[in-house]
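Remarks on the structure that follows.
The values are calculated or read from the model by the stated rules, or taken from the named source; none is laboratory data. Remember, it's a predicted structure, so these values are computed and weren't measured experimentally. Here the Cβ positions follow ideal geometry from the backbone for every residue, glycine too, while neighbour counts run over all protein chains shown. Protein only, heavy atoms only, side chains kept; ligands, DNA and RNA dropped before computing areas. Shrake-Rupley method; radii C 1.70, N 1.55, O 1.52, S 1.80 Å.
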Amino acid sequence: MHKQKKIILIVDDSVIVIDRLVNLLVELTKDQIIFTCHSYKEAIKAITEKNINVAVLDINLPDGNGIELLRYIKKNKPAVPVIMLTNQYTEFYSKLCLQEGANYFLDKSSGFDTLPEIISSLIKQSS
């Protein structure tokens with residue numbers, strides 16, 4: 001039987017950040033598909049149309065924000081784990097995102113290297 005690949009959604013307006021994340025997650029992509037979006041609008045479309053398994057969201061987007069995306073995911077696809085990856089690493093945003101249902105809140109300056117392990121763990125839990 002053909003096993004369906006898991007979809008990892010990455011939402012960030014920085015091409016550099018997305019490229020770095022994709023390169024970091026390349027080992028996972030044998031069994032996963034990485035889908036990327038650069039805006040709030042693109043992300044809503046992807047969340048609506050695709051059966052995503054994990055979402056990695058930035059807070060600041062050109063046409064909205066990742067906190068609203070987090071709320072949208074938790075309202076419409078509550079089982080999808082969400083990782084917030086941001087430069088807005090403050091206690092205020094951390095508490096807010098975790099209260100809204102984020103599974104992890106990571107600082108872009110120090111959290112990148114932990115992402116493959118976290119995503120791998122979340123995907124195993126959802127299988």
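So the values come out like this:
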quantity	calculated
Amide H contacts under 5 Å for Phe105, placed H, 5+ residues apart	Met84
Rounded to 10°, Cα long-axis angle of helix 40-49 versus longest principal axis of the chain	30 degrees
Rounded to the nearest 20 debye, dipole of the stretch 4-127 from Cβ charges on Lys, Arg, Asp, Glu	520 debye
Area accessible to solvent at Tyr89, 1.4 Å probe radius, in Å²	120 Å²
Overall Cα dimensions of the stretch 1-100 - principal axes, largest extent first, Å	45, 30, 23
On Cα atoms only, tilt of 15-24 relative to the major axis of the chain in degrees	40 degrees
The stretch 33-93 - percent relative contact order, Cα under 8 Å, separation 6 or more	36 percent
Nonlocal amide H pairs with Ile10, under 5 Å, H built at 1.01 Å	Phe35, Thr36, Cys37, Val56
Integer Hz, Karplus 6.51/-1.76/1.60 couplings in order for the stretch 78-89, x for Gly and Pro	x, 7, 6, x, 10, 10, 8, 10, 8, 8, 8, 8
Count of Lys pairs (Cα-Cα under 13 Å; at least 8 positions apart or interchain) in the chain	8
The stretch 1-40: translational diffusion in µm²/s, Stokes-Einstein, Kirkwood Rh over Cα pairs, 37 °C, 0.692 mPa s	303 µm²/s
GNM flexibility winner over the chain from Ile73, Ile59, Ile18 (Cα, springs under 10 Å)	Ile18
For the chain, share of DSSP beta bridges that run antiparallel, in % to the nearest 5	10 percent
Helix 115-126 axis, angle to the chain major axis (alpha carbon atoms, nearest 10°)	60 degrees
Stretchable slack from Glu91 to Lys124, in nm (0.36 nm times residue separation minus alpha-carbon distance)	9.0 nm
Of every Cα-Cα pair in the stretch 83-127, the percent that sits beyond 12 Å	61 percent
Within the stretch 1-80, trypsin sites (Lys or Arg not before Pro) in DSSP loop having at most 13 other beta-carbon neighbours inside 10 Å	Lys3, Lys5, Lys50
Probe 1.4 Å - accessible area at Ser110, Å² to nearest ten	90 Å²
Amide H within-cut-off set for Gly64, under 5 Å, with H built and near neighbours excluded	Tyr40
For the stretch 52-127: rounded, prolate or oblate by the Cα gyration tensor [a/c cutoff 1.5]	oblate
Euclidean distance between Cα centres, the stretch 68-82 to the stretch 7-44, Å	17 Å
